[in-house]
Amino acid sequence: MLVYRYIWLIILGLGLLGLMAACTAADLTEGVAEDTVETAVALASPTPFPTIEPTFAARIAAERDPHIPDLPFYDNPDPDQCGIPIIWGSVNNKAWLTGMYEGELVQPTVLLYDSHLRMQITAEAPHGSVVTIIMYQQNPVVDYYYVQIDGVDGPNKGWLPAPFLSFEPIS
């Protein structure tokens, strides 16, 4: 029992030392011009050969199947920040494909993809087709649904950007 008290005292002491060190470091930079601090940091870590890499989104676009059309809305710029797919469930899992965007039919045949990266087309169905939602993926810009086209044999599953899914019947 006595050992636990000493451990807590040591942890508390280390925490206080860390707090004091942070305060001291803040006091050292007080009154120093910001450009001086930035210059000192820049000189301390030189990068003589900066590497310029294309963005992840540009690499994905370059590797994407050329038959995949651009979306009429913004897609997720960094797929690494996309959410984890979750099971939709069995209640209210019916929806309709819609190729409409901002009042215009932009995809008479709605495309389903292999993932939210849209590298390949896995299935397609006409605007207004009924689908069953299997999974949902919440993302920073555009959410995606993994759906199965009802009444279609063969390739009938894939990921769909949220703007091309309607929870109301399509007329």
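Every number here is computed from the coordinates shown, using simple stated rules; none is lab data. The structure displayed is predicted, hence computed values, not measured ones. When we count neighbours, we look across all protein chains shown, and the Cβ atoms used for this are built from the backbone with ideal geometry, even at glycine.
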The residues VAL131, VAL147, VAL106, VAL91, sorted from fewest to most surrounding Cβ atoms within 10 Å, come out as VAL91, VAL106, VAL131, VAL147
The stretch 56-166 - charge dipole about Cα centre, Lys and Arg +1 at Cβ, Asp and Glu -1, debye rounded to 20
220
The stretch 81-124 shape via C-alpha gyration tensor axes, a/c threshold 1.5:
oblate
Based on other C-beta atoms within 10 Å, arrange ARG64, ARG59 from fewest to most.
ARG59, ARG64
